[in-house]
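The values are calculated or read from the model by the stated rules, or taken from the named source; none is laboratory data. Quick caveat: nothing in here was measured; it's all calculated off a predicted structure. Backbone-built Cβ (ideal geometry, glycine too); neighbour counts: all protein chains shown.
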Amino acid sequence: MENNIVIETIGFLAAAIIIFSMTLKSYIQFRLINMVGSIFFILYCYTIGSYPLLALYSILALINMFYLLLYYNRTGFFRILMVNKNSTFLNEFLLFYYSDIIKYFPKFMSPYDEEFTYFYILRNMVTTGILVVKVNLDETAEIVLDYVIPEYRDSKIGSFVYNENDNYFKDIGIQTFLVKEPTRKQLRYIKSNGFRKSKADPNVYEKKIKKTW
(Lines give C-alpha, C1' and ligand atoms only; values in the text may rest on other atoms or scores of the structure.)
Protein backbone atom coordinates (compact mmCIF):
# COMPACT_ATOMS: atom_id res chain seq x y z
CA MET A 1 0.00 0.00 0.00
CA GLU A 2 2.78 2.41 0.96
CA ASN A 3 4.64 1.57 -2.26
CA ASN A 4 1.54 2.44 -4.29
CA ILE A 5 1.32 5.82 -2.57
CA VAL A 6 4.96 6.56 -3.34
CA ILE A 7 4.52 5.51 -6.99
CA GLU A 8 1.39 7.62 -7.42
CA THR A 9 3.14 10.58 -5.76
CA ILE A 10 5.98 10.31 -8.30
CA GLY A 11 3.42 10.26 -11.11
CA PHE A 12 1.56 13.32 -9.83
CA LEU A 13 4.86 15.12 -9.23
CA ALA A 14 5.96 14.37 -12.78
CA ALA A 15 2.68 15.68 -14.16
CA ALA A 16 2.94 18.84 -12.02
CA ILE A 17 6.48 19.53 -13.25
CA ILE A 18 5.48 19.05 -16.89
CA ILE A 19 2.48 21.38 -16.48
CA PHE A 20 4.64 23.97 -14.70
CA SER A 21 7.19 23.88 -17.53
CA MET A 22 4.44 24.85 -19.97
CA THR A 23 3.93 28.14 -18.11
CA LEU A 24 7.55 29.26 -18.43
CA LYS A 25 8.42 31.97 -20.93
CA SER A 26 12.15 31.29 -20.94
CA TYR A 27 13.19 28.80 -23.60
CA ILE A 28 15.99 27.40 -21.43
CA GLN A 29 13.85 27.08 -18.31
CA PHE A 30 11.12 25.36 -20.30
CA ARG A 31 13.52 22.79 -21.78
CA LEU A 32 15.25 22.15 -18.46
CA ILE A 33 12.12 21.80 -16.30
CA ASN A 34 10.35 19.76 -18.97
CA MET A 35 13.32 17.38 -19.06
CA VAL A 36 13.19 16.98 -15.28
CA GLY A 37 9.48 16.19 -15.49
CA SER A 38 10.15 13.65 -18.24
CA ILE A 39 12.76 11.93 -16.06
CA PHE A 40 10.24 11.59 -13.24
CA PHE A 41 7.74 10.15 -15.71
CA ILE A 42 10.38 7.65 -16.88
CA LEU A 43 10.76 6.45 -13.30
CA TYR A 44 7.00 6.29 -12.85
CA CYS A 45 6.34 4.43 -16.11
CA TYR A 46 9.13 1.94 -15.44
CA THR A 47 7.73 1.23 -11.97
CA ILE A 48 4.20 0.57 -13.20
CA GLY A 49 5.43 -1.32 -16.27
CA SER A 50 3.97 1.06 -18.85
CA TYR A 51 6.62 0.61 -21.53
CA PRO A 52 4.98 2.61 -24.36
CA LEU A 53 4.84 5.67 -22.09
CA LEU A 54 8.34 4.88 -20.86
CA ALA A 55 9.56 5.06 -24.46
CA LEU A 56 7.63 8.30 -25.07
CA TYR A 57 9.07 10.16 -22.07
CA SER A 58 12.55 8.78 -22.69
CA ILE A 59 12.41 10.29 -26.17
CA LEU A 60 11.09 13.60 -24.77
CA ALA A 61 13.91 13.73 -22.23
CA LEU A 62 16.48 13.10 -24.97
CA ILE A 63 14.93 15.77 -27.21
CA ASN A 64 15.09 18.33 -24.41
CA MET A 65 18.68 17.35 -23.62
CA PHE A 66 19.62 17.64 -27.30
CA TYR A 67 18.21 21.16 -27.65
CA LEU A 68 19.79 22.30 -24.38
CA LEU A 69 23.19 21.08 -25.53
CA LEU A 70 22.64 22.64 -28.95
CA TYR A 71 21.71 25.95 -27.35
CA TYR A 72 24.67 26.12 -24.97
CA ASN A 73 27.16 25.04 -27.63
CA ARG A 74 25.93 27.61 -30.13
CA THR A 75 28.13 30.71 -30.16
CA GLY A 76 25.66 33.22 -31.56
CA PHE A 77 26.28 36.84 -32.54
CA PHE A 78 26.13 39.44 -29.77
CA ARG A 79 26.41 43.18 -29.98
CA ILE A 80 25.73 46.21 -27.82
CA LEU A 81 24.69 49.50 -29.42
CA MET A 82 24.18 52.94 -27.91
CA VAL A 83 20.77 54.26 -28.89
CA ASN A 84 19.21 57.69 -29.15
CA LYS A 85 16.96 58.20 -26.15
CA ASN A 86 14.30 59.68 -28.45
CA SER A 87 14.13 56.51 -30.54
CA THR A 88 10.57 55.48 -31.26
CA PHE A 89 11.48 51.80 -31.08
CA LEU A 90 13.16 52.30 -27.69
CA ASN A 91 10.05 53.95 -26.31
CA GLU A 92 7.79 51.23 -27.70
CA PHE A 93 10.07 48.50 -26.34
CA LEU A 94 10.05 49.98 -22.83
CA LEU A 95 6.30 50.48 -22.85
CA PHE A 96 5.60 46.97 -24.13
CA TYR A 97 7.73 45.29 -21.44
CA TYR A 98 7.15 47.82 -18.68
CA SER A 99 4.95 45.61 -16.49
CA ASP A 100 7.68 42.93 -16.53
CA ILE A 101 10.50 45.44 -16.11
CA ILE A 102 9.18 46.82 -12.82
CA LYS A 103 9.06 43.31 -11.34
CA TYR A 104 12.85 43.30 -11.41
CA PHE A 105 13.55 47.05 -11.35
CA PRO A 106 10.73 48.55 -9.26
CA LYS A 107 12.51 51.92 -9.07
CA PHE A 108 12.60 52.30 -12.85
CA MET A 109 9.74 54.77 -12.98
CA SER A 110 11.08 57.34 -15.45
CA PRO A 111 12.15 55.57 -18.65
CA TYR A 112 12.86 58.78 -20.57
CA ASP A 113 15.14 60.61 -18.15
CA GLU A 114 17.54 62.91 -20.02
CA GLU A 115 20.43 61.92 -17.75
CA PHE A 116 20.29 58.27 -18.79
CA THR A 117 22.33 56.56 -21.52
CA TYR A 118 20.60 53.73 -23.38
CA PHE A 119 21.98 50.63 -25.10
CA TYR A 120 20.34 47.90 -27.14
CA ILE A 121 21.55 44.37 -26.44
CA LEU A 122 21.41 42.38 -29.67
CA ARG A 123 21.58 38.63 -30.10
CA ASN A 124 21.69 37.39 -33.68
CA MET A 125 20.45 40.88 -34.63
CA VAL A 126 17.36 40.52 -32.42
CA THR A 127 16.85 43.19 -29.76
CA THR A 128 16.86 40.98 -26.69
CA GLY A 129 17.32 43.60 -24.01
CA ILE A 130 17.99 47.15 -22.89
CA LEU A 131 20.80 48.48 -20.70
CA VAL A 132 20.22 51.90 -19.12
CA VAL A 133 22.91 53.66 -17.11
CA LYS A 134 23.50 57.02 -15.49
CA VAL A 135 27.09 58.05 -16.23
CA ASN A 136 28.66 60.22 -13.52
CA LEU A 137 31.51 62.71 -13.73
CA ASP A 138 33.85 60.32 -11.91
CA GLU A 139 33.42 57.82 -14.78
CA THR A 140 31.20 55.50 -12.78
CA ALA A 141 27.97 54.30 -14.36
CA GLU A 142 25.01 53.50 -12.15
CA ILE A 143 22.92 50.73 -13.69
CA VAL A 144 19.34 51.92 -13.81
CA LEU A 145 18.04 49.04 -15.91
CA ASP A 146 19.53 45.81 -17.22
CA TYR A 147 16.57 44.02 -18.75
CA VAL A 148 16.44 40.99 -21.02
CA ILE A 149 13.18 39.74 -22.48
CA PRO A 150 11.98 36.39 -21.02
CA GLU A 151 12.71 34.28 -24.10
CA TYR A 152 16.45 35.08 -23.98
CA ARG A 153 17.27 34.98 -20.28
CA ASP A 154 20.40 32.95 -19.72
CA SER A 155 23.98 33.50 -18.61
CA LYS A 156 25.32 34.30 -22.09
CA ILE A 157 23.92 37.81 -22.45
CA GLY A 158 25.09 39.02 -19.03
CA SER A 159 28.52 37.56 -19.61
CA PHE A 160 28.74 39.29 -23.00
CA VAL A 161 27.70 42.70 -21.67
CA TYR A 162 29.95 42.81 -18.62
CA ASN A 163 32.89 40.65 -19.62
CA GLU A 164 33.41 41.24 -23.34
CA ASN A 165 32.91 44.99 -23.76
CA ASP A 166 35.59 46.48 -21.52
CA ASN A 167 37.19 48.55 -24.27
CA TYR A 168 33.85 49.75 -25.60
CA PHE A 169 32.66 51.06 -22.23
CA LYS A 170 36.01 52.53 -21.28
CA ASP A 171 36.19 54.40 -24.58
CA ILE A 172 32.87 56.13 -23.85
CA GLY A 173 33.98 57.18 -20.38
CA ILE A 174 32.82 54.34 -18.12
CA GLN A 175 35.41 52.94 -15.72
CA THR A 176 33.18 51.26 -13.14
CA PHE A 177 29.63 49.92 -13.10
CA LEU A 178 27.59 50.41 -9.94
CA VAL A 179 24.41 48.78 -8.67
CA LYS A 180 22.88 50.51 -5.67
CA GLU A 181 20.81 48.47 -3.23
CA PRO A 182 20.21 45.51 -5.57
CA THR A 183 17.10 43.43 -5.07
CA ARG A 184 17.41 39.76 -4.22
CA LYS A 185 16.68 38.87 -7.86
CA GLN A 186 19.40 41.21 -9.10
CA LEU A 187 22.03 40.13 -6.58
CA ARG A 188 22.60 36.63 -7.89
CA TYR A 189 22.79 37.93 -11.46
CA ILE A 190 25.32 40.68 -10.82
CA LYS A 191 27.50 38.47 -8.63
CA SER A 192 27.70 35.91 -11.42
CA ASN A 193 28.98 38.70 -13.69
CA GLY A 194 31.80 39.84 -11.44
CA PHE A 195 30.18 42.53 -9.30
CA ARG A 196 31.53 42.77 -5.76
CA LYS A 197 30.41 44.69 -2.69
CA SER A 198 31.96 48.14 -2.54
CA LYS A 199 34.39 48.78 0.33
CA ALA A 200 33.16 52.36 0.56
CA ASP A 201 29.45 51.50 0.75
CA PRO A 202 28.10 48.02 1.66
CA ASN A 203 24.82 48.82 -0.11
CA VAL A 204 26.60 49.24 -3.44
CA TYR A 205 28.02 46.54 -5.72
CA GLU A 206 30.63 47.49 -8.30
CA LYS A 207 32.52 46.08 -11.24
CA LYS A 208 35.68 47.82 -12.40
CA ILE A 209 36.52 47.79 -16.09
CA LYS A 210 39.95 46.83 -17.33
CA LYS A 211 41.18 47.40 -20.84
CA THR A 212 42.28 44.28 -22.66
CA TRP A 213 44.85 46.14 -24.73
VAL36 versus (1) assigned to a helix (DSSP H, G or I); (2) modelled with pLDDT under 90; (3) not assigned by TED's automatic domain parsing to the domain that holds GLU164: which is the lone unmet condition? (2)
Being in the same structural domain as VAL133 (by TED's automatic domain parsing), under 29 Å from GLN186 (Cβ atoms), among the hydrophobic types (A, V, I, L, M, F, W, C) and modelled with pLDDT under 90 is the requirement here; does ILE28 meet it? no
Test ARG153 against the criterion of being of a type in the set (Lys, Arg), out of contact with any helix residue (DSSP H, G or I) (no Cβ under 6 Å at 6 or more places or on another chain) and modelled with pLDDT of 85 or more, and give yes or no. no
Please work out if ASN193 is touching a helix residue (DSSP H, G or I) at 6+ places or on another chain (Cβ under 7 Å) and surrounded by 15 or more Cβ atoms within 10 Å (Cβ to Cβ). yes
Hits in the range 97-138 (condition: surrounded by 14 or more Cβ atoms within 10 Å (Cβ to Cβ), modelled with pLDDT of 85 or more and assigned to a loop (DSSP other than H, G, I, E, B)): TYR97, PHE105, ASN136
Pull out all pairs, ordered by first then second residue, where Cβ-Cβ is under 7 Å, the residues are six or more apart or on different chains, the first lies in the range 52-63 and is on the phi < 0 side of the Ramachandran plot, and the second is of a type outside the set (A, V, I, L, M, F, W, C). LEU54/TYR46; TYR57/SER38; LEU60/SER38; ALA61/SER38
Give all pairs with beta carbons closer than 7 Å in which a residue from the range 7-25 that is closer than 28 Å to TYR97 by Cβ meets a residue that is among the aromatic types (Phe, Trp, Tyr); count only pairs at least 6 apart in sequence or on separate chains. ILE17/PHE40; SER21/PHE30; LEU24/PHE30
